[in-house]
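Peer 1: The following block contains the structure, expressed as structure tokens.
The values are calculated or read from the model by the stated rules, or taken from the named source; none is laboratory data. Note that this is a predicted model, so its numbers are computed, not measured. All Cβ positions, even for glycine, are placed from backbone atoms using ideal geometry, and neighbour counts span all protein chains on display.
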Amino acid sequence: MVVVTGLRRYGKTSLMLTYLNETGKRYVYVDCKFLPPAVSLKSFMSLLEAGLSNVDWGRRLLGKVSLAEVSLGGFGLKFKNKEEENLLRTIKALEGSVLVVDEAQALRNSAYRFDSLLAYIFDNLDIKLMISGSEVGLLYRFLRIDDPSAPLYGRAFSEIRIKPLPRDMAREFLAEGFKQEKISVDERVLDEAVENLDGVIGWLTYFGYSYVTGEADAKRIYEGASKLAVEELKRALTLYGEGEPRYREALKIVATLRSASWSEIKRGIGARLGEVTDSKLSNILKNLKDSGFIVKDENGYSISDPVLARGILSYL
């Protein structure tokens, strides 16, 4: 099993699919960010079928599974319902392939134990698992690889951690992209883009695409990126219901100070929204960190993405 981690727009999906395509491996790609908030067997099965429908061999496989039963004997399986049986029959038919589960932390939001499903695949089927997630803390809360009581405990895995490009490589990435499009760009535009986007492949790609397709005002591109990042953040924060204002305030404090201590965040929230208990604040910061919106180092908490940080200050 391979686990690919990295924050949003770090290029995890591109890396995985490029590797699989260049090596000629047969794979099915399931992007869990398209699952509904409450994940069910039916919604996951629909996503799996959609992934199979995108490739010729997958369409043939779906046809065979629907016409004939795939044997599941020998594993001592007991099915709770027909949906579980149909899902396992389809997965059994994937033997010899790679199953890519992108943004797998979304599978936490289900009454069904998808970690048990992954353990079953790992232990019993000739299927290579490639798991990825941008909400790294939540991903490991789902996998619980180090928890002796968890289904995936003790399973061998390799982790690939994706980081932003160094500045020289980020500049080269942009320059090569413009060269391929036969577009001449001022050196200062490249330097400014690298300064503002901090080597995040997704934002570099967004900048290049926007510039090539007619938006020559770099500041407008940065604003568009920040608005996009904040809209994604707002959707994520709705999960916290009545607690959302405190999450917003914590993010604003961190973005304003650039590097904020625990006590600075506590004082800031208290001044604006009323006192917050230590346990509640710790939970807020843990959730924001596990979701990939903030990072923590010896200097304190900071926003994980400079584009998002600017967006928080302007649009949150």
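Peer 1: If you check Glu95 against the conditions, is it surrounded by fewer than 18 Cβ atoms within 10 Å (Cβ to Cβ) and either polar (S, T, N, Q) or not in a loop (DSSP other than H, G, I, E, B) (or both)?
Peer 2: No.
Peer 1: Would you check which residues across the stretch 237-262 are outside any helix (DSSP H, G or I) and surrounded by 19 or more Cβ atoms within 10 Å (Cβ to Cβ) and list them?
Peer 2: Once the filter is applied, which keeps residues that are outside any helix (DSSP H, G or I) and surrounded by 19 or more Cβ atoms within 10 Å (Cβ to Cβ), the stretch 237-262 yields only Ala260.
Peer 1: Determine, yes or no, whether Ile145 is touching a strand residue (DSSP E or B) at 6+ places or on another chain (Cβ under 7 Å) and among the β-branched types (Val, Ile, Thr).
Peer 2: no
Peer 1: Free of Cβ contacts under 8 Å to residues at least 24 places away in the same chain, farther than 16 Å from Pro306 by Cα and surrounded by 15 or more Cβ atoms within 10 Å (Cβ to Cβ) - does that describe any residue in the stretch 216-236?
Peer 2: no
Peer 1: Return only the number of the condition from (1) in contact with a strand residue (DSSP E or B) (Cβ under 8 Å, 6 or more places away or on another chain); (2) assigned by TED's automatic domain parsing to the domain that holds Gly208 that Phe157 does not satisfy.
Peer 2: That leaves (2) as the condition not met.
Peer 1: If you don't mind, another one. Anything in the stretch 5-46 that is among the hydroxyl-bearing types (Ser, Thr, Tyr) and more than 13 Å from Gln105 (Cα to Cα)? List them, or say none.
Peer 2: Within the stretch 5-46, Tyr10, Thr13, Ser14, Thr18, Tyr19, Thr23, Tyr27, Tyr29, Ser40, Ser43, Ser46 qualify.
Peer 1: Just name the residue that is nearest to Asp186 (Cα to Cα) out of those in the stretch 198-235 that are of a type in the set (Gly, Ala, Ser) and assigned to a helix (DSSP H, G or I).
Peer 2: Ala218
Peer 1: Same structure again: From the residues in the stretch 1-22 that are in contact (Cβ under 8 Å) with a residue 12 or more places away in the chain and of a type in the set (Ser, Thr, Tyr), which one is surrounded by the most Cβ atoms within 10 Å (Cβ to Cβ)?
Peer 2: Tyr10
Peer 1: Checking the condition under 30 Å from Leu174 (Cα atoms) and within 23 Å of the chain's Cα centre (by Cα), which residue from Ala225, Ala250 passes?
Peer 2: Ala225
Peer 1: Please verify whether Glu172 is within 30 Å of Val200 (Cβ to Cβ), touching a Ser or Thr at 6+ places or on another chain (Cβ under 7 Å) and not small (Gly, Ala, Ser), treating the condition exactly as stated.
Peer 2: no
Peer 1: Is it the case that Ala271 is exposed (fewer than 14 other Cβ atoms within 10 Å of the Cβ), at negative phi, in a helix (DSSP H, G or I) and not basic (Lys, Arg)?
Peer 2: yes
Peer 1: On to the next question. In the list Lys42, Lys25, which residue meets the criterion of being surrounded by fewer than 19 Cβ atoms within 10 Å (Cβ to Cβ), more than 19 Å from the chain's Cα centre (by Cα) and either outside any helix (DSSP H, G or I) or not assigned by TED's automatic domain parsing to the domain that holds Ser132 (or both)?
Peer 2: Selected residue: Lys25, the only one of Lys42, Lys25 that is surrounded by fewer than 19 Cβ atoms within 10 Å (Cβ to Cβ), more than 19 Å from the chain's Cα centre (by Cα) and either outside any helix (DSSP H, G or I) or not assigned by TED's automatic domain parsing to the domain that holds Ser132 (or both).
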